[in-house]
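Please read the structure below before turning to the comments.
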Amino acid sequence: MGRARRSTTTHSGWSALSGRIRVVDYRHERRLIVSGAILSAYPLNGDWSAIEREYWWQGVASVRFPPEPSVLLVGLGGGTQVHLLYRLSEPRSITVIERDPVIVRVARQWFGLDRVGKLEMVCADAETAVAGLARMGRRFDYVMEDVTYADPPEVALPKLLAMVPLVTPLGSLVVNRHRRGDPRPLARTLRLYFREVRLRRVRKTGENTLICCSRPLLSSAADA
């Protein structure tokens, strides 16, 4: 007899914006795989302990939340962090920026987003959406940026600086970066805009480094 299959493709589709999209069940975990990369994981058995080692959990656990925080997630994936935020805090509101409506539909259908609290979904590219939120004077206690992951620093930096005005005075901005891209130049610049900036490597063998920025300065170096 052959070995039992460890993974099953539950859903397969295509998006003009994101490419091939697959929902794969591997043992007790459901994964969102887009163009070959795992963007989200969701435990089918309700056991989140394996996720604690990954950047989704570490990004939430790396900051101190005020009571009932307002949250902005830049990039949705399958919504892993949405679930974690409801497990680790009691958010007043969660706003999500996701450019691809196909990803939103997959997350709702296959990753349980319709069973969590109310979400404000902004379906637009991140730069346009961030600029619109800033014009409206919106502010958030926690901003998680997960779309400039693989961008060169000179491309990522203007996008990240545009998010600084969205952070409340005691709030935090957490940036997910790929380990092959040196996060230190970005961290050095972000120290001009935040009182505290820390680098957090996610597992020695992991691909993620988090830049954790807390308490934005009232007057940035650019305005000095």
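Applying the Karplus relation 6.51 cos²θ - 1.76 cosθ + 1.60 with θ = phi - 60° to the range 11-16 yields 3J(HN,Hα) values of 8, 9, x, 9, 10, 5 Hz, where x marks Gly and Pro. With everything on Cα atoms, drop me the angle between helix 101-110 and the longest principal axis of the chain, reported from 0 to 90° to the nearest 10. Orientation of helix 101-110: about 50 degrees from the principal axis. Residues whose amide H comes within less than 5 Å of that of LEU39, counting only those at least five positions distant or on another chain, are LEU32, ILE33, VAL34 (H built at 1.01 Å from N in the peptide plane). Distances between placed amide hydrogens fall under 5 Å for THR168 paired with PHE140, ASP141, all partners being 5 or more residues away or on another chain. When every Cα-Cα distance of the range 62-183 is counted in 5 angstrom steps from zero, the calculated P(r) takes the values 2, 11, 22, 24, 21, 15, 5, 0 percent. Counting only DSSP beta bridges with both residues in the chain, the antiparallel share comes to about 65 percent. Converting phi to 3J(HN,Hα) with the Karplus coefficients 6.51, -1.76 and 1.60 and the offset θ = phi - 60°, the range 68-83 yields 6, x, 8, 10, 10, 10, 9, x, 9, x, x, x, 3, 5, 4, 4 Hz in sequence order, with x at every glycine or proline. Sorting the segments 74-86, 53-65 by their residues' average number of neighbouring beta-carbon atoms within 10 angstrom, most packed first, yields 74-86, 53-65.
Distance from the C-alpha centroid of the range 134-181 to that of the range 16-59: 22 Å, rounded to the whole angstrom. Once you treat every alpha carbon in the chain as an equal point and sum by Debye, what is log10 I(q)/I(0) at q = 0.12 Å⁻¹? Debye intensities relative to I(0), on a log10 scale: -0.63. Phi-derived couplings, Karplus 6.51 cos²θ - 1.76 cosθ + 1.60 at θ = phi - 60°, listed residue by residue for the range 155-171: 7, 6, 4, x, 5, 5, 5, 5, 8, 4, x, 7, 8, 5, x, 9, x Hz, with x used for Gly and Pro. Out of all Cα-Cα pairs in the range 13-77, roughly what percent, to the nearest whole number, are more than 20 Å apart? Within the range 13-77, distances greater than 20 Å cover 41 percent of Cα pairs.
Taken together, the values in this text are just the output of simple stated rules run on the coordinates, not laboratory data. Bear in mind the structure is a predicted one, so any value in this text is a computation, not a measurement. Reconstructed Cβ throughout: ideal geometry from the backbone, glycine too, with neighbour counts over all protein chains shown.
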